[in-house]
Amino acid sequence: MSSAHDNPSQSHATTVPAGPSEALMDLLSCNAQFARTHDFAPLQAGQHPKTTMLCCSDSRVPESSCGETLNRVFTIKDIGNQIATAPGSIMYGTLHLHTPVLLILGHTGCGAIAAALSDYSAEPQGIREELDSLQPVIRAGLQKHGAPGNDIAKLARFTEDNVDYQVRQALADANISGRVTAGKLAIVGAVYDLHALYGKAGSIVVTNVNGQVEGSALGITIQRLPIA
Ligand SMILES: [Zn+2]
């Protein structure tokens, strides 16, 4: 593995930390800068986010992809952006903090979906369990699309399917669907387009609104991958 010392010309942001100490120093140094440049007094009375966001833990899918998230976005991250991994956190954002949007954000090139498509029987139990809960998506996707292999566009179809599945999982909760029916909550499925498969790389592409996968909703045109 290369390190900052192997190639001093590499920028700080793109180097791989050599070990725990360097990684921690990097983190704390960035935090010191963050603490210097933000005002925390308005945040001390409580939080009032507008969106509960469930997204993949992948470090290339940052909360900051939707701008300043302080007091705006209540975030849950797990591998494969799954309701099954963190149902209580999702209920906390939607039912207690009353965010009007639950954004379920998958992404192109999702390693969790690729792993769930592979033989993961040698993985530790915790990882196996989180990949097992993706199997309904994987089984249905293999029937519809076949195995994606290394085809990033085909793999993205599984991401779209997974987002649809997670939206259905959210709607299956009576308390959450009650808020949707009352017009107080929208469940928005979306894909973070790292690979420019829909358009501009880095864009959040809305693919599903409350289970609707075509037309427009909430003033947004729903987009889907073109049928191959
Ligand atoms: Zn992922």
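The values are calculated or read from the model by the stated rules, or taken from the named source; none is laboratory data. Values in this document were obtained by computation on a predicted structure and should not be read as measured data. Neighbour counts are summed over all protein chains in view; Cβ atoms, including those assigned to glycine, are modelled from backbone coordinates with ideal geometry.
Of the set (1) loosely packed, with under 15 Cβ neighbours inside 10 Å; (2) of a type in the set (S, T, N, Q); (3) in a loop (DSSP other than H, G, I, E, B); (4) away from the ligand (no atom under 16 Å from the Cβ), all apply to Ser59 but (4).
Within the stretch 137-151, being outside any loop (DSSP other than H, G, I, E, B) and surrounded by 14 or more Cβ atoms within 10 Å (Cβ to Cβ) holds for Val137, Ile138, Ala140, Gly141, His145. Buried (at least 20 other Cβ atoms within 10 Å of the Cβ), away from the ligand (no atom under 16 Å from the Cβ) and in contact (Cβ under 8 Å) with a residue 40 or more places away in the chain: is that true of Thr108 in this structure? So Thr108 fails the test. Out of Ile204, Ile176, Ile187, one residue alone is closer than 18 Å to Thr99 by Cα, part of a strand (DSSP E or B) and touching a helix residue (DSSP H, G or I) at 6+ places or on another chain (Cβ under 7 Å). It is Ile187.
For Ala116, the stated conditions do not hold, so it cannot be described as modelled with pLDDT under 95 and among the small types (Gly, Ala, Ser).
Of the residues making up the stretch 62-89, those that are of a type in the set (Gly, Ala, Ser), more than 15 Å from the ligand (Cβ to nearest atom) and in a loop (DSSP other than H, G, I, E, B) number 1.
At negative phi, touching a Ser or Thr at 6+ places or on another chain (Cβ under 6 Å) and in a loop (DSSP other than H, G, I, E, B): does that describe Thr94? Against the criterion (at negative phi, touching a Ser or Thr at 6+ places or on another chain (Cβ under 6 Å) and in a loop (DSSP other than H, G, I, E, B)), Thr94 does not qualify.
Among the residues of the stretch 50-78, those identified as over 16 Å from Leu194 (Cβ atoms) and aliphatic (A, V, I, L, M) are Met53, Leu54, Leu70, Val73, Ile76.
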